[in-house]
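Here's the structure, in structure tokens; my notes come after.
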Amino acid sequence: MQITGGSLRSRKIDSPKGSNVRPTLSQVRESIFSSLLSIMDFEQKSFLDVFAGSGIMGFEAVSRGFSYAAFVEKDRKTFLLLKENAKKLGLDDTNTEFFCADSTKFLKKITKSFDVIFVDPPYQSGLYEGILQTVFENKLLKNDGIIILEHPKSLEIDTKNYTTIKQKTYSDKCLTFLGFSNEHA
């Protein structure tokens, strides 16, 4: 896999092997960051990749100018690959943090808030609503922040407390950009 834009553009990283791995495609990553750029300036912004896998989304964020990215990955083997990818890219601990943890438990413990949170769990995991609720209850998304869900087009997700900013469809997958609804901001 290659980073598609920014200071690390064209740099390659390794992807975990396995049938349950779905790295976000380069076309979709380009679309995500183009959409984000039309909404916010990346300078001094933070990015949380909740189901990080290879780390491609967080690495794209740092490459494109986010000042900080946090990565959460539960699988130990994949986590070690993620750390190796960061080392290969020359990223240090000043603008990145890595957590080998269950994402749902991790989100209930952290106290930091983020400008962008990217959520792409295993599609049939049933985790979307619980994560949205935890982010809301624990104030993990800044008031003007954006949460991005990558999910199957056919999946209905309850997005109470949030307003849909944008939705894009790619074949059988969908990207949903959410912000806090006015009564909760």
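Laboratory data are not the source of any read-out in this text; all were calculated from the coordinates shown. These numbers were taken from a predicted model, which means no experiment stands behind them. Because the Cβ atoms are built from the backbone with ideal geometry, glycine has one as well, and the counts that use them run over all protein chains shown.
Among the trypsin sites (Lys or Arg not before Pro) within the range 1-89, which fall in a DSSP loop and have no more than 11 other Cβ atoms within 10 Å of their own Cβ?
For trypsin sites (Lys or Arg not before Pro) across the range 1-89 that sit outside H, G, I, E and B with at most 11 neighbouring Cβ atoms in 10 Å, the list reads Lys17.
Would you work out the relative contact order for the range 30-161, in percent, from Cα pairs under 8 angstrom that are 6 or more residues apart?
Answer for the range 30-161 is 23 percent.
At Lys12 and Thr163, where each label point lies 7 Å from the Cα along Cα→Cβ, what is the point-to-point distance in nanometres?
4.5 nm
Where in the range 91-167 are there chymotrypsin sites (Phe, Trp or Tyr not before Pro) that are in a DSSP coil and have at most 11 other Cβ atoms within 10 angstrom of their Cβ?
Passing both the DSSP loop test and the Cβ count: no residue.
Please give the net charge around Gln2, taking every other residue with its beta carbon less than 11 angstrom from that of Gln2, where Lys and Arg add +1 and Asp and Glu add -1.
Spelling it out: positives minus negatives among the neighbours equals +3.
Taking the number of other C-beta atoms within 10 Å as the exposure measure, put Met40, Met1 in order starting with the fewest.
Met40, Met1
Run through the DSSP bridge list for the chain and note the antiparallel percent, rounded to the nearest 5.
Percentage antiparallel, nearest 5: 45.
Helix-derived [θ] at 222 nm for the chain: sum -39500 (n - 2.57) over DSSP H runs of at least 4, divide by residue count, nearest 500?
Only helices count here, giving -8000 deg cm²/dmol.
Extension gain Asp93-Tyr170, at 0.36 nm per residue separation less the Cα-Cα distance, in nm?
Here the answer is 24.3 nm.
Report the net charge of residues surrounding Arg11, where surrounding means a beta-carbon distance below 11 angstrom and charges are Lys +1, Arg +1, Asp -1, Glu -1.
Neighbourhood net charge equals +2.
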